[in-house]
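Below is one structure, written out as structure tokens, with a few remarks after it.
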Amino acid sequence: MRMPRRGLVIQARTRWLLVGIALLFSLILLMYLLECAPQTDGNGSLPGVVGENMGKEYYQALLQEQEEHYQNRATSLKRQIAQLKQELQEMSDKLKSLQEKKTPKVNGMNYQGTKEQTSNDLLEFLHSQIDKAEVSMGAKLPSEYGVIPFESFTSMKVFQLEMGLTRHPEEKPVRKDKRDELVEVIEAGLEVINNPDEEDGQDEDDGVGERQLYSENDFIEGYYRTERDKGTQYELFYKKMDGMEYRHVTLFRPFGPLMKVKSETVDISRSIINIVVPLAGRTEAFAQFMQNFRDVCIHQDKRVHLTVVYFGQDGLSEVQSILESVARETDFHNYTLVSLNEEFNRGRGLDMGARAWEKGEVLMFFCDVDVYFTAEFLNSCRLNAEPGKKVFYPVVFSLYNPAIVYANQDLPPPVEQQLVHKKDSGFWRDFGFGMTCQYRTDFLTVGGFDLEVKGWGGEDVHLYRKYLHGDLMVIRTPVPGLFHLWHEKHCADELTPEQYRMCIQSKAMNEASHSHLGMLVFREEIETHLRKQAYRTNSEAVG
């Protein structure tokens, strides 16, 4: 039988206390013996030898003086011993009192009571870790760098931000402990769903038939992140193949066993997304965007509204024509075109698109014309934004210049075939905050975009920081169904120095991977080497 940890600590302290007291008594006894031992003096005279001239009075006085000295010393030692006994008694009483508090004197309950108390203290500590962590509500953060992003995963793959030079943006878990961890988490979520507690508010019978049981095949996606001083948070989503309801389970591992935070049913079947796209010119890119919109939103999802905010007059008629053509061919009329005859301002465009909606609360997806998304991403958008509680800031996978990535081919493959998560094909755009899913009321409550920001960049970071400084939880994670397509970037001279620096940095990051850029930098050296190799080969052939 294992003793409680606190009982072991108390016993250890008592043992060391008794050892210390024993050592102290030994020291006092040694001092007493030294004091009582007869002193030898090299210059002293022995009776009848050298000191015969000294009389009895001298020796009597000397003996009396030594006797008084030893009596005083003995009295002092007795007083010190009495004080030590008193202190020992006081400490023994305190220790006894402490043991009585930790071990209630109930019939047959001494040890069991201590065990239960220890267990209760442990549970209290673990729950306090959940309360401290950013699980049920957001935390106010000083800047965008204070966010701990999630990593996303499916039953087969992990999508990760931190890659270094060896890891990949999408990969199967290589380490066995990571694989086992994710399998354990998925199974724990299934256990919560299939064996609900009373507090989950789920009936054993749903009123139609037997309650559905979920399996590993029903797991759709999950997110996890670790707060190093608290624990790991897991957000898990399950769905039946033929159903529209998602089961959402939140688990937390406070550096100990997994603990259920909540289990709930999430119905997104009626959740409309208002996709807001600001635009100026770039009609070819818009035509490509609408092709993806037609395939994903109109044919598959069927629960979206499109709001296009167009700046200027040049290209406006072409954009109108594209929208009308899609409407005729697909019978889709859930779109709004807002025309602004002014200079392009992304923040202003998104703000106008949000305010143009007049049907009350709605989930908004702020999007750009160069973004490609899947139907699965739209569901992730619905699952990770909640009015008054959560906003979703997915990390986009940004594709490199296809002319460089596929330089060994005559032509780059179609866009759909470029949508792969590889180191040489793209990167997680973790410095971008432009793509976001949030509810209209939350957007208006925080004050929307900073409309003083002109031109390219900056407006999305300002809005992101507003949420970080507030009480809403910010869900930040890479998602596999959201891509930023490469396009040539032009950094205008009118930009501020800070905006221009950000634009150039973004342009460099978007062009190619480290290895491909290296090949471009050393192109002349490589070509020289190839010419030498060819010359050497030809010389050997002639010789």
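Brief remarks on what is shown
Quick grid of which residues meet (1) more than 16 Å from residue 390 (Cβ to Cβ); (2) in contact with a Gly (Cβ under 9 Å, 6 or more places away or on another chain); (3) open to solvent by 60 Å² or more (accessible area, probe 1.4 Å); (4) assigned to a strand (DSSP E or B):
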site	(1), (2), (3), (4)
217	yes, no, yes, no
223	no, no, no, yes
232	yes, no, no, yes
236	no, yes, no, yes
242	yes, no, yes, no
246	no, no, no, yes
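- The strands (runs of 3 or more DSSP E) found entirely in the stretch 325-391 that carry 1 or more residues being small (Gly, Ala, Ser) are 335-340.
- Reported count of residues in the stretch 487-543, each being exposed (fewer than 10 other Cβ atoms within 10 Å of the Cβ) and not in a helix (DSSP H, G or I), is 4.
- Being within 30 Å of the chain's Cα centre (by Cα), surrounded by fewer than 23 Cβ atoms within 10 Å (Cβ to Cβ) and acidic (Asp, Glu) is a property that residue 376 has.
- Of all residues assigned to the stretch 390-412, none qualifies as being small (Gly, Ala, Ser), under 17 Å from residue 275 (Cα atoms), crowded, with 19+ Cβ neighbours inside 10 Å and not assigned by the TED database to the domain that holds residue 151.
- Unmet requirement for residue 238, which otherwise passes all of (1) free of Cβ contacts under 8 Å to residues at least 60 places away in the same chain; (2) farther than 20 Å from residue 383 by Cα: (2)
The values are calculated or read from the model by the stated rules, or taken from the named source; none is laboratory data. These numbers come from a predicted model, not from an experiment. Positions of Cβ are backbone-derived with ideal geometry, glycine not excepted, and every protein chain shown enters the neighbour counts. SASA here: full protein model, heavy atoms, side chains in, ligands and nucleic acids out. Shrake-Rupley method; radii C 1.70, N 1.55, O 1.52, S 1.80 Å.
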